[in-house]
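So the structure is just underneath, and the comments pick up after that.
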Amino acid sequence: MVDVARLRALLSERTRLQWVATSVIASLVTLVVAVPLTIRAFDARNDDRPRTAPTDGIVATLGATAGDLEGSTLSGAPVITFELENTGATAFRLVDTIGNELLTGTDTFGPEFAMFNTPEGFPAAFDTTELPDGGYTIYVTFTLVDRGDQSRSETYRMATFAIRNES
């Protein structure tokens, strides 16, 4: 059986006002806190825009000359490095203008990381004549070590450059 007195109490004016006030507050909190956090998390996961890496830049060294790789034109056998403190393993990817991954390299010993290393662990050059002339981009994925045992991996577009081999 239905308890009529209890049903009347639930539907009373005072109870309806409390329910409406609670619903409005809950909706406002959801709109102000939960929705923006959800949007930020979704955008961060699906963000393909290039970001600026927390480093001074990636450097190409050819002979005794070192310079910022961004916007440069390479030929010969450059050594590609970048320096970043509090960083663990680092992976490099060289991609052409249509997105084909052509070369990869890893380095686990910092704070100066090289795209290619000798068997002894020293930075090594790569031969640009193995690649056709054209535009290239280097992406670097590195593990940032925070306080304690916390770490996170992030990928950045480090430099866009061209290769022009002497004919």
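The values are calculated or read from the model by the stated rules, or taken from the named source; none is laboratory data. Quantities reported herein were computed from a predicted structural model and do not represent experimental measurements. Every residue, glycine among them, receives a Cβ derived from its backbone with ideal geometry; neighbour counts consider all protein chains shown.
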Please go through segment 96-128 and give me each residue that is among the β-branched types (Val, Ile, Thr) and either exposed (fewer than 12 other Cβ atoms within 10 Å of the Cβ) or in contact with a Leu (Cβ under 7 Å, 6 or more places away or on another chain) (or both), ordered by number. Thr97, Ile98, Thr118, Thr128
Suppose we keep only residues that are in a strand (DSSP E or B), among the hydrophobic types (A, V, I, L, M, F, W, C) and under 17 Å from Leu69 (Cβ atoms) within segment 110-146. Which one would you say is modelled with the lowest pLDDT? Phe142
Name, by its number, the condition in (1) exposed (fewer than 15 other Cβ atoms within 10 Å of the Cβ); (2) modelled with pLDDT of 75 or more; (3) not in a helix (DSSP H, G or I) that does not hold for Arg49. (2)
If you go through segment 81-93 one residue at a time, do you hit one that is part of a strand (DSSP E or B), of a type in the set (A, V, I, L, M), crowded, with 19+ Cβ neighbours inside 10 Å and at pLDDT below 85? no
Can you spot a residue in segment 147-163 that is touching a helix residue (DSSP H, G or I) at 6+ places or on another chain (Cβ under 8 Å), outside any loop (DSSP other than H, G, I, E, B) and either at pLDDT below 85 or hydroxyl-bearing (Ser, Thr, Tyr) (or both)? yes
From Asp56, Asp43, which residue is farther than 20 Å from Val140 by Cβ, at pLDDT below 70 and among the charged types (D, E, K, R)? Asp43
Based on this model, can you work out whether Gly67 counts as small (Gly, Ala, Ser), closer than 22 Å to Arg157 by Cβ and at pLDDT 80 or above? no
